[in-house]
1. Give segment 868-891 a look and list any residue that's among the charged types (D, E, K, R) and at pLDDT 90 or above, or say none.
2. One residue is enough: does segment 756-774 have a residue meeting the conditions surrounded by fewer than 13 Cβ atoms within 10 Å (Cβ to Cβ), under 26 Å from E648 (Cβ atoms) and out of contact with any strand residue (DSSP E or B) (no Cβ under 6 Å at 6 or more places or on another chain)?
3. Find all pairs meeting these conditions: Cβ atoms under 6 angstrom apart; at least six residues apart or on different chains; first residue within segment 177-193 and within 13 Å of P955 (Cβ to Cβ); second residue open to solvent by 20 Å² or more (accessible area, probe 1.4 Å) and basic (K, R).
4. Quick check, is G606 surrounded by 15 or more Cβ atoms within 10 Å (Cβ to Cβ) and modelled with pLDDT under 65?
5. When you look at I812, is it touching a Ser or Thr at 6+ places or on another chain (Cβ under 6 Å), among the β-branched types (V, I, T) and modelled with pLDDT of 80 or more, yes or no?
6. Quick check, is D326 open to solvent by less than 70 Å² (accessible area, probe 1.4 Å), over 30 Å from L875 (Cβ atoms) and of a type in the set (D, E)?
7. For K791, work out the one condition from (1) under 25 Å from R508 (Cβ atoms); (2) open to solvent by 10 Å² or more (accessible area, probe 1.4 Å); (3) out of contact with any Phe, Trp or Tyr (no Cβ under 8 Å at 6 or more places or on another chain) it doesn't fulfil.
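The values are calculated or read from the model by the stated rules, or taken from the named source; none is laboratory data. In this text the structure is predicted, and so the values were computed from the model without any measurement. Positions of Cβ are backbone-derived with ideal geometry, glycine not excepted, and every protein chain shown enters the neighbour counts. The accessibility values were calculated without ligands, DNA or RNA, using every heavy atom of the protein model including side chains. Shrake-Rupley method; radii C 1.70, N 1.55, O 1.52, S 1.80 Å.
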Amino acid sequence: MAADSEPESEVFEITDFTTASEWERFISKVEEVLNDWKLIGNSVGRSLEKGIFTSGTWEEKSDEISFADFKFSVTHHYLVQESTDKEGKDEVLEDAIPQSMQDLLCMNNDFPPRAHCLVRWYGLREFVVIAPAAHCDAVLSESKCNLLLSSVSIALGNTGCQVPLFVQIHHKWRRMYVGECQGPGVRTDFEMVHLRKVPNQYTHLSGLLDIFKSKIGCPLTPLPPVSIAIRFTYVLQDWQQYFWPQQPPDIDALVGGEVGGLEFGKLPFGACEDPISELHLATTWPHLTEGIIVDNDVYSDLDPIQAPHWSVRVRKADNPQCLLGDFVTEFLKICRRKESTDDILGRSTFEEEGKETADITQALSKLTEPAPVPIHKLSVSNMVHTAKKKIRKHRGVDESPMSNDVLNTIVLFLFPDAAEKPLDGTTSTDSSNPPSETEDYNLYNQFKSAPSDSLTYKLALCLCMINFYHGGLKGVAHLWQEFVLEMRFRWENNFLIPGLASGPPDLRCCLLHQKLQMLNCCIERKKARDEGKKTSTSENVTNIYPGDAGKTGDQLGSDHLKYTDKEKGEVGKSSDSWSDSEEEFFECLSDTEELKGNGQESGKKGGPKEMANLKPEGRLYQHGKLTLLHNGEPLYIPVTQEPAPMTEDLLEEQSEVLAKLGTSAEGAHLRARMQSACLLSDMESFKAANPGCFLEDFVRWYSPRDYIEEEVTDEKGSVVLKGELSARMKIPSNMWVEAWETAKPIPARRQRRLFDDTREAEKVLHYLAFQKPADLARHLLPCVIHAAVLKVKEEENLENISSIKKIIKQIISHSSKVLHFPNPEDKKLEEIIHQITNVEAIIARARSLKAKFGTEKCEQEEEKEDLERFVSCLLEQPEVLVAGAGRGHAGRIIHKLFVNAQRLTESSDEAAALAPPEEELKRAGCPEEKRQNSVSDFPPPAGRELILRASVPRPAPYSKALPQRMYSVLTKEDFRLAGAFSSDTSFF
């Protein structure tokens, strides 16, 4: 048995070496990505133009691969260039070195101001980076780094890709890359050193040249010349000699004093701090060769004043505090509050007298005692007195959110007619002199806000100012309460509201503006009616007869007649009859007697012949040559009631009611009757003005298209005009026919009002009184954004910055889309405000730079234009070349700025002369400090960049001469060497 089991125990294992390992799979994936992106073979492009790295377009493509469970992202960065001709491709030599190796020696784009770090270090136009996909992942161990580099090398060799391939190693913040580029018989290795502490021997050119030469290890005895490019960057942070020109607003001067109340109509503008934090001056020596200059630990020829190229960039302060942006942002915050006005200011201002002091024992006696209606007490003086007494009772006089001076100033700003209000109730409105129809003025149509000269617009600005400076949310509630009381006062006393265009509510404006316009319409109607009563009472006006009507129509304007004729004859109601009943009618007590005298009983339908005996009433003027069809009397246009003005919320309510009636025949009939109230009123007016008229006569005036006239030949052979109603007018149970049959000959002045101004005014006042501050802010936010955009445009016109004009157009376009919705999202509103703040910051930066460079002080026009162009370029470009370097006009100003800053530093050092001797010895003992302080006009450079280039055979003397490059950057806490060293793989 044992012998039989022996063969079973020996298991023959086969190791399959053809199965791919994880490493091989990773290499295969890299090759696959390179093939998909078509990075195979030699692609020779044009030589790089100067500045193309900054002005050109960079694009990138990404993909994701994995090594076992570790994920990497592969990204292809490349500069978009026009493709070369096919003929040029055919001429490419097989053994030509790759384009990337040629770019290493190109000097046109050294030190680009804005580019990927590998572009800055190596001058490449195209490269691929493999980096850990997760931000927290990192390749730290040396073995893993070498494994990745081996993978890259194999992938490049297998595919024939000539684009440099980099691998990111160590933590991402260190920006450490190693890579390789392969070509036919050549290879370039990209290596890097990154240190925190700088070795002293590498802080100058001579030490870096030693590293470069030792690294390339050229076997030739006279070493080919090394090309050198150097850039020193100096940072100016101290602007103390130039005060920031933006003065904070003087809060005390906002009321009275020098500025006066008009300050409430202006939004503040500008940054509270200097929006330019630093100025970076880069002095560049672009083409130097070894031996021309000396730069070692003892002496340096590199004087920034003598540098051939100067370029400047400015560092902007991060999110500078801007007044306009803060104002609008704080106002937006009110929209998120939920408190009502009563919650903020205490109990309701309109509480009943004695409500708080009422005794509980007298609670039942109220049921038995008659309660007098306190309508006679509802005068403005009593109301305001009561309101103020309640306010003082709920909070002390000193606790009032706003002082009386501020409140009075705002009231006079909002209501300029309040200063010298005439006793007869007449007031002048701003609508008589509308401003020119400019693009800026009509901006409210796009924003759905209000015209910039309107009361609503001014109210929005005042509430914005109050919210920021005078009491915050309590101040807003207080001002709104006073505003509502002022509206009530004007309604009661027939004072028109200033700053509102006459006519019906403008549906292009915000709802609050529409409500105020509606209230103004009510005041106009009530005022005209009350004046009509006074006139009819004093003059005892009689009815207008046909002979007199034409005269009157000629003497007075048609609009005025519509009001006066409509309201005449309304004798029998007192001037304050508006408060006696909920609904009001025009019918007088003597209507029945008048109708009896005219030959018609009230409610009795008379035929045309009977109606012809009536006296005509309510005629406006004769209608040209038209005559009545049946009696040949002249056709008179009647005085009609104007249709009721409506705000958008009333229109929505009406449309909802009509939609709920459904599509049934009964619903459609009821809907038509509801919509024909104005038609019925006009028919009654027409019948009263033209006794004996027919429906055809009315249609000829009201809807001429529905009366068709044709030429026919009569019995005598003469051609005559014969007319008839249109087909739609002949439809059975037509609404026009039904309305004509039910219409009585009643002039407009005795008809029931189509527009009940009393009820509508009370509805508006109730709506205003119950608005929460949040609702109010929502209504007025479009006005505030509108004002902010106008302010930005006004300030931009002073500076004339072309880039801002485009941004403002984008803001207007974005705002018009967002603000047309009833309740825009807070995030979208914040985006608009952020855009406005950005523009404000740009303008503030422009002013800061103009102040620092003294553009206004230039006496010569040419120098001034050059400086202004230089300042505008600083705002729009990442880095600007200084014409003439240190000897140009801008260069001299920059030099002076640094000199002044150095003097301030020296004076502060003198003040600290009593420092401990050990520290002084330490400071004096540092050779680097000694060398740098010898240049007194400039501080020590904050950054030193050097590029060393050479084309030498490597590794053997008989190898091909290939490009070698080393980039060095030295800052206060950072030292980096980035080398690209090429070698010949065919002859070594």
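1. So the first thing to find is which residues in segment 868-891 are among the charged types (D, E, K, R), and the list is 868-869, 876, 879, 887.
Across segment 868-891, the qualifying residue is only E879.
2. Initial filter on segment 756-774 (surrounded by fewer than 13 Cβ atoms within 10 Å (Cβ to Cβ)): 766, 770.
Now narrow it down to the ones that are under 26 Å from E648 (Cβ atoms): 766, 770.
Going one step further and asking which of them are out of contact with any strand residue (DSSP E or B) (no Cβ under 6 Å at 6 or more places or on another chain), we end up with 766, 770.
Within segment 756-774 (the criterion being surrounded by fewer than 13 Cβ atoms within 10 Å (Cβ to Cβ), under 26 Å from E648 (Cβ atoms) and out of contact with any strand residue (DSSP E or B) (no Cβ under 6 Å at 6 or more places or on another chain)), the answer is yes, since at least one residue qualifies.
3. none
4. Working: surrounded by 15 or more Cβ atoms within 10 Å (Cβ to Cβ): yes; modelled with pLDDT under 65: yes.
So G606 passes the test.
5. Details: touching a Ser or Thr at 6+ places or on another chain (Cβ under 6 Å): no; among the β-branched types (V, I, T): yes; modelled with pLDDT of 80 or more: yes.
Against the criterion (touching a Ser or Thr at 6+ places or on another chain (Cβ under 6 Å), among the β-branched types (V, I, T) and modelled with pLDDT of 80 or more), I812 does not qualify.
6. On the way: open to solvent by less than 70 Å² (accessible area, probe 1.4 Å): yes; over 30 Å from L875 (Cβ atoms): no; of a type in the set (D, E): yes.
Judged against the criteria, D326 is not a match.
7. Just one mismatch for K791, condition (3).
For every residue, the table says whether it meets (1) within 30 Å of D343 (Cα to Cα); (2) of a type outside the set (A, V, I, L, M); (3) under 16 Å from the mean Cα position of the chain (by Cα).
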position: D775; (1), (2), (3): yes, yes, no
position: S815; (1), (2), (3): no, yes, yes
position: V818; (1), (2), (3): no, no, yes
position: H834; (1), (2), (3): no, yes, yes
position: A841; (1), (2), (3): no, no, yes
position: S848; (1), (2), (3): no, yes, no
